Structures are given as structure tokens and as C-alpha cells.
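Undergrad: There's a structure below that I have some questions on.
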Number of protein chains: 4
Amino acid sequence: MEKIRIGSVGLGRLGLRHAENVASKIPGASLHALCDLDEDLLARTADRLGVPWRYTDFDQMIQNSEIDAVVLVSPSGLHTGQIEAALKAGKHVFTEKPLGVTVEECKVAERAVEAHPDRVFMIGFMRRFDESYMYAHEKVMRGEIGKPVLFRSYSQDPESCIEGAIKYAGHSGGQFLDMAVHDIDLARWFVGSEPQNVYAIGGCYAHPEFGQYNDGDNVSCLMKFQNDTMVFLFAGRTAPHGYNVETEIIGTTGILRIASVPQKNMVEVLDSYGVRRECSDNFLDRFESSYVREIQEFVDCIREGRKPSVSVYDGTKCTEIAYRCKEAFETGQLLEF
Amino acid sequence: MEKIRIGSVGLGRLGLRHAENVASKIPGASLHALCDLDEDLLARTADRLGVPWRYTDFDQMIQNSEIDAVVLVSPSGLHTGQIEAALKAGKHVFTEKPLGVTVEECKVAERAVEAHPDRVFMIGFMRRFDESYMYAHEKVMRGEIGKPVLFRSYSQDPESCIEGAIKYAGHSGGQFLDMAVHDIDLARWFVGSEPQNVYAIGGCYAHPEFGQYNDGDNVSCLMKFQNDTMVFLFAGRTAPHGYNVETEIIGTTGILRIASVPQKNMVEVLDSYGVRRECSDNFLDRFESSYVREIQEFVDCIREGRKPSVSVYDGTKCTEIAYRCKEAFETGQLLEF
Amino acid sequence: MEKIRIGSVGLGRLGLRHAENVASKIPGASLHALCDLDEDLLARTADRLGVPWRYTDFDQMIQNSEIDAVVLVSPSGLHTGQIEAALKAGKHVFTEKPLGVTVEECKVAERAVEAHPDRVFMIGFMRRFDESYMYAHEKVMRGEIGKPVLFRSYSQDPESCIEGAIKYAGHSGGQFLDMAVHDIDLARWFVGSEPQNVYAIGGCYAHPEFGQYNDGDNVSCLMKFQNDTMVFLFAGRTAPHGYNVETEIIGTTGILRIASVPQKNMVEVLDSYGVRRECSDNFLDRFESSYVREIQEFVDCIREGRKPSVSVYDGTKCTEIAYRCKEAFETGQLLEF
Amino acid sequence: MEKIRIGSVGLGRLGLRHAENVASKIPGASLHALCDLDEDLLARTADRLGVPWRYTDFDQMIQNSEIDAVVLVSPSGLHTGQIEAALKAGKHVFTEKPLGVTVEECKVAERAVEAHPDRVFMIGFMRRFDESYMYAHEKVMRGEIGKPVLFRSYSQDPESCIEGAIKYAGHSGGQFLDMAVHDIDLARWFVGSEPQNVYAIGGCYAHPEFGQYNDGDNVSCLMKFQNDTMVFLFAGRTAPHGYNVETEIIGTTGILRIASVPQKNMVEVLDSYGVRRECSDNFLDRFESSYVREIQEFVDCIREGRKPSVSVYDGTKCTEIAYRCKEAFETGQLLEF
């Protein structure tokens, strides 16, 4: 069977990673086109990765009939439009989160996906493709921890990245949309239910800069889900030890903790600081193989005529919930869904 | 200097432990009297520990002028009355939590303590005397973790004790008063502030029996404190792995976790279940030395004419907060303090 | 640049894995031929992986001029002959350990490699390509632990695989050659020196079957290296908890431990067995990505005209040392090198 | 029953600790006399602990008929003589290790103990009274790990104490006698057998000063015991992370590790150094409660007319073995027992 020819859009940090993965780590796919506004970067990257087609214009790229599928790692505000256009041009679409920057945009994307039922559409909730999360999820599905009682999940960016976060603060949509959206997806995936109400708090504990966008540098929320599971989420930008994404699922007969120590690898250091594990530096470090595995699944779905388990509706739902959390945070009210 | 002669009241599991500790592990004190309604148990224990005086009547005991101080491990409903009577009889008083079963009772206790400023009064928040909690508290006080962002604390009883918990459910006051009160005390101690509002949820995930008392078998709450610290508490009665009391304090420059693995000792087992640590069985196992250290502090305060750092007002405050959490849980409302 | 076309030899468990890796995980390479005596397995695997050429005869395969390189995962006794023949036929050669089953055979392989200086030759010491071992090695090379004092390394196969081990016992060469050879390679790599003398002990603690081959089911040795580093190796076939490969390097200013808990992933389970990590099942599980990385390095060396850091002499040296350990074990003597 | 009145000898670091423990932590005992050459220290300590009798002369002290038992924490060279004299004077004797500085001295001590069968004699192998070692030992005795295969034990002093170690190097007897003797005792206790032969190596990796006493700053040995168990011991003076005493017992059906992370308490720190546990500073920190428990056992034996499980012969045996290890280290030979 022929390789799926992919056009990848956006060459930021994650975009570059996706491009490199498609170019060299995804059997069954080839990186056939790159699209970015920065012509220099585009040329250099395309040369390095041996990519035949280069575009600074997305709409031109999707007219290229040699391209089977696109991978969108463009600015969040462009996602919905590009999803629509690419599907209409007959391409399969993988988009990084968020599906759209408003719920309305998400609904537009939903309609576009529904209008092209023969195209594969997938959204990048890469944690679902992490080996440890997958392993834990199977245990939960097999009933090994009984009925879920409490789902707790943290997303913490390292303090060392704070400058970038401050610069980007006005465009991020706030921590619930930018960071906790992954935990929201995990909660729904593990708990198998939807939220009923939410209370959210937080503040600027170290960096008042976030305040002007009605955001905090650390926030949290407590939700009750429809099946009674308690869900506590925490998102922070000042982690002293590194990039920390951890999750705990307390069930009636067992408890699972995923990455409660965000160790970089299996090396333990014993020195004057004690006995210690060094931590993941960032999301690319921690989820290196998840990013490969999710694109692999996208490509396999195309080749095997399957639909991914994560759907466009998951994207909308997570965005809706994140917006509701944000509203709860901004108003200080207990809100229902 | 003469030893402080102590009369200990109540010979339940914890009462017995306090009596044994006073009898043999507290330099500067002697176990001079025991009081319990069960005459057989009273006689056997007093004989075994070499205690000269035995009482089935508390009021008689406190008339004994040889006794300097009392340790109250009686049923919760009796605490306030016994505190008042003992102070009035000139005794120093150590009482197990709770100070009283209602806030009104706590106020009565406060007035009694205020009326006897020359007597030492102390309440049994034993976690403040745990080596690890003390060590962590010092670090926080020294500013080693910066400004507190999130305080998270769990109190979980093992599922293996569920029968007793169900039997006692009607008298426990619910999990916020019975269990989370310790976490409330820790939160105030570590965070150095008071709660502003609270949202609480939970339910009966495994044992519907708690429902008839408007309680759950697992509950949680999210509070914002006056200094903005987020406080998340979780209390459960169905822990599969043992007695689990753990606390995390996330600060802007450091994070501390106390007992995130409730390991019984320093033995690691590698067998067909993997690489594992066996866990504490119950509070007596986990806080063995804390119970000694708190009574030691009580005795030292008497001998040195000092007041304990934990006061009667801490007792009232924790009870008030626990009641407010309970009300939030029962009404489903977001409540202010 | 054209892809390196590889012919892979042997379709046992590891052979199959190498074939799958070449087929789908190694950019820059393609699986062009397979060779195995089992025609059925050969056909099924070649069909599944889309391999154009299939051989039951190794000598025929290396006459195929479309093949650039071979990967040898054949029975140990065939390695040396196939290395010689393949190099002579102009192929680059990657061989699984051992280089040869006797030191004499290794010397033959050395001469063959020396006779074809323009061919890439590499031996499969996959641990050198494990992320954690690489990370630790860099730390040691940078001097972060000071001067090496003690190097300790364990290779333990799980008891669950004992039947296969017993069946294979007569052909394995014994535990020093079959298992500890990897630890010997690591010791030389980390310590940067060669052994001076060795004392070895062990026995059949659970399975007397190994005794008939003068082997034990668990063995160990203590060596002094020329630079004074102490080296303690342990190899066992009865690990109750899984596949355990761990290493500790104690230096004068720091200590590193690699995989002291052979955790399968980042999931921690809290249940009635305590707080636990599940373990790796076998070498394919534990070293999954190392097997990819080492072939990638082989392919990159071919494409870039480089030589791998691990040479044919490392293969000979490790075999010599393993044989000396075996002799020390069999004679009970302290032996010099 | 009357309290056992104890005279404690030697007010070095450990002597002071024993004195304080007897004074305040051992029910059933009272500190009745102190003996030390330093009159100032003697007076201050005796005043502080409320000790009625003070001696600078050991022989005078044991003439005091009010004293029931002595605790010897004097310089090693004085042990045997003081044991003999104290027993002859009718005292029960607890002595710190070593029993004597030569095997001949140990034999003298044995005869003295045999001559006073009604006196309790005990030697301070405090690790046997550590909660974790006791817990592990019970598991081994119950057969939970099957047949012992490998016993590995480390004794590491922190580099921060190196100055004292160098000063004391000429008197310590070397690391096998000074440090590994505790591991030798543990090996015999856990394995239930005696060594058959030994090979020992090591050197001065950081501090050449030890060389002049034919000692190293780090040493190790491999022994085969009569029941075939492999025993690997390591002793070092340059631990970067703290005071590290750890032991692993690999059995055919289970493995136990005691204190593989020498964590000071249950606090985990997450900061810029990673996720870490701070370590024990020294033996007094790590074995705090063991020192109390062993004296408690000594006192209980006296009161209950029992003999301790650890005998004078254990003292001799460990000394003999340590001397043989030392000889193996000095000669470089494989030695038999």
C-alpha cells in the first residue's frame, strides 16, 4: 500500500516535532509538504527533512492533490477554518488542540467533520497515547480499581518557562483552556461521565502579570461528575522541579497514580542533595513517544478505514467544560453544566 | 522535680495507648489513676500498668488531690463537661479531639480555659507532633518553598476497618468532623490563614449505610483561604492499601509531600506483585511516636510553666470549619465563612 | 540518499523484533530480505512485513547484490562464520552477542573485520543504547560522580521463564557468558578499565538442572579492575518480580543507580498488596527502544561512513572476561587476567 | 519491682546517647551512675540527667553495690577488661561492639561470661533492634523469600565525617572490624550459616591517609557461606548523600531491601534538584530507636531472668570473621575459614 502523504502546518516547537516524527518515525506515512509563514525556517526544515513541497499559504497547500492528509499545528485561532477548508479539499485532518477558541468555532468544526464522513478527523489529546496512561486506563476499564471515587490531575509547567508563558498569556485563553483542557479530557476518558457543576479558584502567587487577563499563575477546580465521581484539577505555571503532569484515580478497590514522580528516566542520583530523580523538562520530553503514537494512530486509521476513538465531539466537550471552569474562576460562583 | 501524676480517662483503643505511653514512655510523668466504666478492663489495665487509683466515676477521680493532670480519651460528647470540671478541680487538661461536638460546646470549653489561666490546657492534634510533619513545617516556616499556593491533604481509613466505621457512623459527626478535622488543623498550621469559603462534595461509593446520616464514605472539599491559598481536602473510608494520611504543600519555589507513600517501615519487597512497600495499618501504627511526643509536650509544659503552641481556640476554629464543610456537603452550596 | 537495504537472519523472539524494527522504525533502512530455516514462519513474516526476498540459506542471501547489510540473530554457534562470509560478500554486519562461542572464534571475527576496513561492523550491546544507561554514562564521563569506587550490576531473568532457560542450559555457555556478558560490557564502558582478577561463586538454589552443565541458577563474581575499581556482578534466573537489570556506580562524589526498580512504566498501584510498581516482563519489554536505537546507529554509521563506538574488540574482550569468570566459578579459584 | 540501676561508662557521642536513653526512655531502669575521665563533662551530664553517682574510675564504680548493671561505651581496647571486672563484681553487662580488639580478648570475654551464668550479658548489635530489620528478619524466618541466594549489605559513612575517620584511622582496626562487623552480624543472623571463604578488595579512592594503616576508604568482600549463600559486603567512608546502611536479601521466591533509600523521614522534596528524599546524617539519627530498643531488651532480660538472643559467641564470631576479611584484604588472597 502507498504511504499516506502528509502536509504539516506550523513550525513552532511542537510543529517541528510533528514534522520530524512524520518524516522519520511513522511507517506508512511520508512528509510530503510543509507550510509556515517563516520562509527561511520553512526552507531549512524542508531541506533537512527532504520534503518536496513547501508553502507559505495554507489554501494553496490543500489544493495539492498529492497530499492525502494534513497535520495542523498552526495558531489556535486558525484551527477551525483550516479544518473546514482541508476537509472540503478532501484531506484527512489531524489537528492539535484546541479544536477552536470558542464553543461556536467547535460547533463549526463538528459540522465540517459531519459533512465528510469518509475522511478521518482526529484531535491531539496526546496523553491518551502515553504508555502509562494507556496502561492505567486499561486497568480502570477492566474494573481493577472498582468504582471511581476521586479523579485528581495536575498540569504544571516549570517556572523556568515562565517568560514565554507571560508573553503568551493574552492569547492562551487562560490556564483552564490552555493546560487543564488535557486533564478535562483525561477525566472524561477515565471516569466515563460528564461534569455536573464546578467551583474554581486560584490566583497570581508569583507573577501578577497574569492578572490583567483575569487569569492566575496557579488555578484549581473541584467538579462533581454526573456519576458522582469527584474531580479535582490543578494547573500551575511555577513548578520548581520541572514539567509535571500527574494523575491519580482513587477507586473503591484500588488506586492508580500516573507519573507522581515526573522522572526523566530510570536513573537515581545519590549526592549531597539526597536521593533524587531528575525530572522531565517539558512536554516534548515527557510525551515524546505519545506524539509519535498519536500520529501513528491517525495514519493507521486512514490506511485501515477506521475512525479514531477520540472524536470531534470530545474536542467540543472539553472546550465547553474548560470555558465553564474559566467562568467559574472569573466569577467565583458555583456553576452548573 | 516531682513527676506529674496523671489520671487517664477512657480505655478504648487510643485511650489504652495513651495510658500505656504515660505509664512507660513519658519521663517526668507517672500514670496515677485510670477511669473507665468497664470495671474488668479497668482492673486488668491498672494492674498491668501498676496504677494505684482506679475510678468508674470521673467526678470522683478529679477530687483526688494526688492527681495533677487528666488525659481525656472519653466519648466525644463528654469532653466539654469533663474539661470544665477538671479545670475547676485544679487539674491540667489534655483532651483528645474534638474539643466539643458543637461549636457552642467549644465556646463553653474556651471560657473554662480562660477562667483558669494558670492551668495547662492542650488538645490532641497529634499530627503536629509527627516527625515528618514537624520537619516539613519548619521548612515552610523558613520560607524554603516560597509562598503557599495549594495545600492538599488526605485522610483515608482502610476498607478493612469499614465495619467499625459503619457502626460508629451515627455518632461520628460525619467525615469532616471525624477525619478531615485533622487536615483542617494542618491546613491552618501550614498556611497560616483561615478559610474564606468552601465547596464540598462526595457520596457513598461503596457503602450506602453512611447515607442515612447525610454522610458519604468518601468526601472532599475545596476552600479558598484568606491569604489566597487553595486548600483541597479529601477524606475516605475505603482505602484499599491501608491507613493513608498524606499532605502536599505546593509553594512558589518548592513543593513538599509528607507520606505520599504510607510505608510502614523501610522494607521494600520485590515479589510477584512487583516492587512494593507495605503500608501502615491504622492511626496507632502510623502515629505511634506522635502520641508519645504530644503527651511529652503536655507534661513538659506543666513542668516548665509554658503554654502549648496549640490552643483551645484552635480546637474551636477547627470544629467551626469542619461544621461549615459538613453544611456545604449537605446543602451542595458554596458557603462563606 | 537511498535507504540501506537490510537482510535479517533468524526469526526467534529477538530476531523477529529486529526484523519488525528494521521494517518500520528505522528511517534510512528497509527490510529487504529475511532468512530462516522455518519456511512457514519465513513466509508469514515476510508477507506481513512486505519483504521482497526470503531465504532458507544464508549463503544464498549474501550473494544478493541488492542487500547492503545483514543483521545476525542466528544461533550463537553460527555467528563467526556468518560474520566472515557476509563481510567477504561486501555486506555491513550487525551481529547479536556473542561475537563467537569461543575466544578463538572471536579472534577469527576480529581478523575478518580487520580485512574489511570499509565495512561497518557492530555488535549488539543494546544496554549502551538505553536512554537511562546513556544518561548515566554521560554523567560519569563528565566527572559528576568523581572517581569510580564500586560498580555493581545485576542481570536477573524472571522465574516465570525458567523452563526455557533449563531447556537451553546446555547451549547457553552458562550465566557468565549468556547473561553477565552484558554487565561485563557495561563495567568496561563505565569504569574505563579492564579486570585484573576475579573470584566467582554461586550454585543451584532452586533448580538443580543447571548443575549438570557446571552452571548455577544464580551466580556472582567480584573483580578488581586495573584502575582499582571494585566490580561486583550478579546473574540469576529466579527473579520473583520480573526481568531485572540494574546497575549502581558508586563514585567518590556521587552515586548513580540505573533501574533499581525495574518498573514497567510510570503507573503506581495502591491496593491490598501495598504501594507498588509492576515490573518489566522480559528483555524485549525493558529494552524495547534500545533495540531500535542500536540498529539506527548501525544504519547511521553506514550512511555517514562512521564506525560505531563499540568495536569487534569489545566483543572479544567481553567473551574473554566471561570465560575467565566461568573458569573461576568452576574451579573455585581466584584467577588473574 | 524495683528499677534496674545502671552505671554507664563513657560519654562520647554514643555514650551520651545511651546515658540519655537510660535516664529517660527505658521504663524499668534508672541511670544511677556515670563514669568518664573528663570531670567537667561528667559533672555537667550527671547534673543534667539527675544522676546520683559519678566516677572517673571504673573499678570504683563497680564496687558500688547500688548498681545492678553497667553499659560499656568506653574505648574498644578497654571492653574486655571491663566486662571481666564488672561480671566479677556481680553486675549485668551491656557492651558496645567490639567485644574485644583481638580474637584472644574475645575468648577472655567468653570465659568471663561463662563463669557468671546468672548474669545477663549482651553486646550492642543495634541493627537487630531496628524496626525494619526486625520486620524483614521475621519475613525471612517465615520462609517468605524462600531459600537465601544472595545477601548484600552496605555500611557507608558520609564524606562529611571524613576528618574524624582519618583521625581515628589508626585505632579503628580498619573498615572490616569497625564498620562491616555489623553487616557480618546481619549476614549470620539472616542467612543462618557461617562463612566458608572470603575474597576482599578495595583501596584509597579519595583519601590516601588510610593507606598507612593498610586500610582503604572503601572496601568490599565476597564470601561463600556454608549453606551456599553468597554474601557481598561493602563498607565506605565517602558516601556523598549521608549515612547509608542498606541490606538486600535475594531469595528464591522473594527479595527484601532494607533502607535502600536512607531517607531521614517521610518528607519528599520537589525542587530544582528534582524529586528527592533527604538522608540520615549519621548512625545516631538512623538508629535512634534501635539504641533505645536494645537497652530496653537488656533491662527486660534482667528483670525477667532471660538471656538475650544475641550472645557473647556472636561477638567473638563476628570479630573472627572481620579479622579474616581484613587479612584477605591485606594479602589479596582467597582465604578459607
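Undergrad: Please go through the range C:1-27 and pick out each residue that is open to solvent by 50 Å² or more (accessible area, probe 1.4 Å), touching a helix residue (DSSP H, G or I) at 6+ places or on another chain (Cβ under 8 Å) and more than 21 Å from C:Asn282 (Cβ to Cβ). First the steps, then the outcome.
TA: If we filter the range C:1-27 for residues that are open to solvent by 50 Å² or more (accessible area, probe 1.4 Å), which is where we start, we get C:1-3, C:5, C:13, C:17, C:20, C:25.
Narrowing further to those that are touching a helix residue (DSSP H, G or I) at 6+ places or on another chain (Cβ under 8 Å): C:1, C:13, C:17, C:20, C:25.
Within the range C:1-27, C:Met1 is the sole residue that qualifies.
Undergrad: Can you give me the number of residues within the range B:260-285 that are within 25 Å of the chain's Cα centre (by Cα), within 14 Å of chain C (Cβ to nearest Cβ) and surrounded by fewer than 23 Cβ atoms within 10 Å (Cβ to Cβ)? Don't jump to the end; show me each part of the working.
TA: Here is the first cut: in the range B:260-285, the residues within 25 Å of the chain's Cα centre (by Cα) are B:260-265, B:278-285.
Checking the rest, the ones that are also within 14 Å of chain C (Cβ to nearest Cβ) come to B:260-265, B:278-281, B:285.
Retained after the next criterion (residues that are surrounded by fewer than 23 Cβ atoms within 10 Å (Cβ to Cβ)): B:260-261, B:263-265, B:278, B:280-281, B:285.
The number of residues fulfilling the criteria is 9.
Undergrad: While we're looking at this one, here's another question. Scanning for something closer than 30 Å to B:Thr238 by Cβ, in contact with a Gly (Cβ under 6 Å, 6 or more places away or on another chain) and in contact (Cβ under 8 Å) with a residue 40 or more places away in the chain, does the range A:171-186 turn up at least one residue?
TA: No, the range A:171-186 has no match at all.
Undergrad: Additional query: If you go through the range C:28-57 one residue at a time, how many are open to solvent by less than 20 Å² (accessible area, probe 1.4 Å) and touching a Leu at 6+ places or on another chain (Cβ under 9 Å)? Before you say what the answer is, go through the steps one by one.
TA: The first filter runs over the range C:28-57 and keeps only residues open to solvent by less than 20 Å² (accessible area, probe 1.4 Å), leaving C:28-29, C:31, C:33-35, C:42, C:45-46, C:51.
Within this subset, residues satisfying the condition of being touching a Leu at 6+ places or on another chain (Cβ under 9 Å) are C:31, C:34-35, C:42, C:45-46, C:51.
Residues flagged as open to solvent by less than 20 Å² (accessible area, probe 1.4 Å) and touching a Leu at 6+ places or on another chain (Cβ under 9 Å) within the range C:28-57 amount to 7.
Undergrad: Still on this structure, I have one more. Go through (1) open to solvent by less than 10 Å² (accessible area, probe 1.4 Å); (2) more than 14 Å from chain C (Cβ to nearest Cβ) for B:Ser193 and report which single condition fails.
TA: (1)
Undergrad: If a residue has to be part of a loop (DSSP other than H, G, I, E, B) and either under 18 Å from D:Ile184 (Cβ atoms) or polar (S, T, N, Q) (or both) to count, how many in the range D:111-134 make the cut? Can you show your working first?
TA: In the first step, residues of the range D:111-134 are kept if they are part of a loop (DSSP other than H, G, I, E, B); the result is D:116-120, D:124-125, D:130.
In the following step, the residues that additionally are either under 18 Å from D:Ile184 (Cβ atoms) or polar (S, T, N, Q) (or both) were identified as D:124-125, D:130.
Final tally of qualifying residues: 3.
Undergrad: Within the range B:67-80, how many residues turn out to be within 19 Å of B:Gly305 (Cα to Cα) and open to solvent by 10 Å² or more (accessible area, probe 1.4 Å)?
TA: At the first step, the residues of the range B:67-80 found to be within 19 Å of B:Gly305 (Cα to Cα) are B:67-71.
Going one step further and asking which of them are open to solvent by 10 Å² or more (accessible area, probe 1.4 Å), we end up with B:68.
Residues flagged as within 19 Å of B:Gly305 (Cα to Cα) and open to solvent by 10 Å² or more (accessible area, probe 1.4 Å) within the range B:67-80 amount to 1.
Undergrad: Could you tell me whether any residue of the range B:81-99 is part of a loop (DSSP other than H, G, I, E, B), open to solvent by less than 30 Å² (accessible area, probe 1.4 Å) and in contact with a helix residue (DSSP H, G or I) (Cβ under 6 Å, 6 or more places away or on another chain)?
TA: For the range B:81-99, residues part of a loop (DSSP other than H, G, I, E, B), open to solvent by less than 30 Å² (accessible area, probe 1.4 Å) and in contact with a helix residue (DSSP H, G or I) (Cβ under 6 Å, 6 or more places away or on another chain): present.
Undergrad: Only one of these is assigned by TED's automatic domain parsing to the domain that holds A:His92, at pLDDT below 95 and under 28 Å from C:Ser30 (Cβ atoms): A:Ser8, A:Ser65, A:Ser24. Name it.
TA: On the way: A:Ser8 fails: at pLDDT below 95; A:Ser65 fails: at pLDDT below 95.
From the options A:Ser8, A:Ser65, A:Ser24, the qualifying one is A:Ser24.
Undergrad: Any residue that is under 25 Å from D:Arg152 (Cα atoms), buried (at least 20 other Cβ atoms within 10 Å of the Cβ) and more than 14 Å from chain D (Cβ to nearest Cβ) - is there at least one of those in the range C:141-163?
TA: At the first step, the residues of the range C:141-163 found to be under 25 Å from D:Arg152 (Cα atoms) are C:145-162.
Filter once more, keeping what is buried (at least 20 other Cβ atoms within 10 Å of the Cβ): C:145, C:148-159.
Subsequent filtering for residues that are more than 14 Å from chain D (Cβ to nearest Cβ) retains none.
Taking every residue of the range C:141-163 in turn, none turns out to be under 25 Å from D:Arg152 (Cα atoms), buried (at least 20 other Cβ atoms within 10 Å of the Cβ) and more than 14 Å from chain D (Cβ to nearest Cβ).
Undergrad: With open to solvent by less than 10 Å² (accessible area, probe 1.4 Å) and in the same structural domain as C:Ile83 (by TED's automatic domain parsing) as the only criterion, which of C:Ala115, C:Ala109 stands out? So that I can check it myself, show each step before the final result.
TA: On the way: C:Ala115 fails: open to solvent by less than 10 Å² (accessible area, probe 1.4 Å).
It is C:Ala109.
Undergrad: Could you grab me the full set of residues in the range B:141-166 that are of a type in the set (Gly, Ala, Ser) and either closer than 29 Å to A:Gly236 by Cα or touching a helix residue (DSSP H, G or I) at 6+ places or on another chain (Cβ under 7 Å) (or both)?
TA: Initially, the range B:141-166 is screened for residues of a type in the set (Gly, Ala, Ser), giving B:143, B:146, B:153, B:155, B:160, B:164-165.
Once the filter is applied, which keeps residues that are of a type in the set (Gly, Ala, Ser) and either closer than 29 Å to A:Gly236 by Cα or touching a helix residue (DSSP H, G or I) at 6+ places or on another chain (Cβ under 7 Å) (or both), the range B:141-166 yields B:Gly143, B:Gly146, B:Ser153, B:Ser155.
Undergrad: Does the range D:126-140 hold any residues that are in contact with a helix residue (DSSP H, G or I) (Cβ under 6 Å, 6 or more places away or on another chain), farther than 17 Å from D:Gly254 by Cβ and within 11 Å of chain B (Cβ to nearest Cβ), and which are they?
TA: Scanning the range D:126-140 gives a single hit, D:Asp130.
Undergrad: What's the number of the only condition in (1) hydroxyl-bearing (Ser, Thr, Tyr); (2) away from every other protein chain (no Cβ under 12 Å); (3) assigned to a helix (DSSP H, G or I) that D:Ser289 fails to meet?
TA: Every condition holds for D:Ser289 apart from (2).
Undergrad: Could you please give the count of residues in the range A:164-177 that are closer than 26 Å to A:Ile249 by Cα and either assigned to a loop (DSSP other than H, G, I, E, B) or open to solvent by 30 Å² or more (accessible area, probe 1.4 Å) (or both)? Can you show your working first?
TA: Here is the first cut: in the range A:164-177, the residues closer than 26 Å to A:Ile249 by Cα are A:174-177.
From the residues that got through so far, the ones that are either assigned to a loop (DSSP other than H, G, I, E, B) or open to solvent by 30 Å² or more (accessible area, probe 1.4 Å) (or both) too are A:174.
Of the residues in that region, 1 qualify.
Undergrad: State all residues of the range B:198-243 that are aromatic (Phe, Trp, Tyr), open to solvent by less than 10 Å² (accessible area, probe 1.4 Å) and facing chain A (nearest Cβ under 10 Å); if no residue qualifies, say none. Walk me through how you get there before you give the answer.
TA: First pass over the range B:198-243, keeping only residues aromatic (Phe, Trp, Tyr): B:199, B:205, B:210, B:213, B:225, B:232, B:234, B:243.
Now restrict to residues that are open to solvent by less than 10 Å² (accessible area, probe 1.4 Å): B:199, B:210, B:225, B:232, B:234.
Those that are aromatic (Phe, Trp, Tyr), open to solvent by less than 10 Å² (accessible area, probe 1.4 Å) and facing chain A (nearest Cβ under 10 Å): B:Tyr199, B:Phe225, B:Phe232, B:Phe234.
Undergrad: I would also like to ask the following. Given (1) crowded, with 19+ Cβ neighbours inside 10 Å; (2) part of a helix (DSSP H, G or I); (3) within 14 Å of chain A (Cβ to nearest Cβ), where does D:Phe329 come up short, assuming only one miss?
TA: Here D:Phe329 meets the rest and fails (3).
Undergrad: Criterion first (open to solvent by 20 Å² or more (accessible area, probe 1.4 Å), under 21 Å from the mean Cα position of the chain (by Cα), free of Cβ contacts under 8 Å to residues at least 60 places away in the same chain and closer than 17 Å to D:Asp314 by Cα) does D:Glu104 satisfy it?
TA: Values: open to solvent by 20 Å² or more (accessible area, probe 1.4 Å): yes; under 21 Å from the mean Cα position of the chain (by Cα): yes; free of Cβ contacts under 8 Å to residues at least 60 places away in the same chain: yes; closer than 17 Å to D:Asp314 by Cα: yes.
Yes, satisfied.
Undergrad: Okay, next question. Based on what the data block shows, is B:Glu246 under 19 Å from the mean Cα position of the chain (by Cα), surrounded by fewer than 21 Cβ atoms within 10 Å (Cβ to Cβ) and within 14 Å of chain C (Cβ to nearest Cβ)?
TA: Values: under 19 Å from the mean Cα position of the chain (by Cα): yes; surrounded by fewer than 21 Cβ atoms within 10 Å (Cβ to Cβ): yes; within 14 Å of chain C (Cβ to nearest Cβ): yes.
Yes.
The values are calculated or read from the model by the stated rules, or taken from the named source; none is laboratory data. Model, not experiment: these values are computed from the prediction. For neighbour counting, all protein chains shown are included, and Cβ atoms are generated from backbone atoms with ideal geometry for every residue, glycine included. Areas reflect the complete protein model, heavy atoms only, side chains present, ligands, DNA and RNA absent. Shrake-Rupley method; radii C 1.70, N 1.55, O 1.52, S 1.80 Å.
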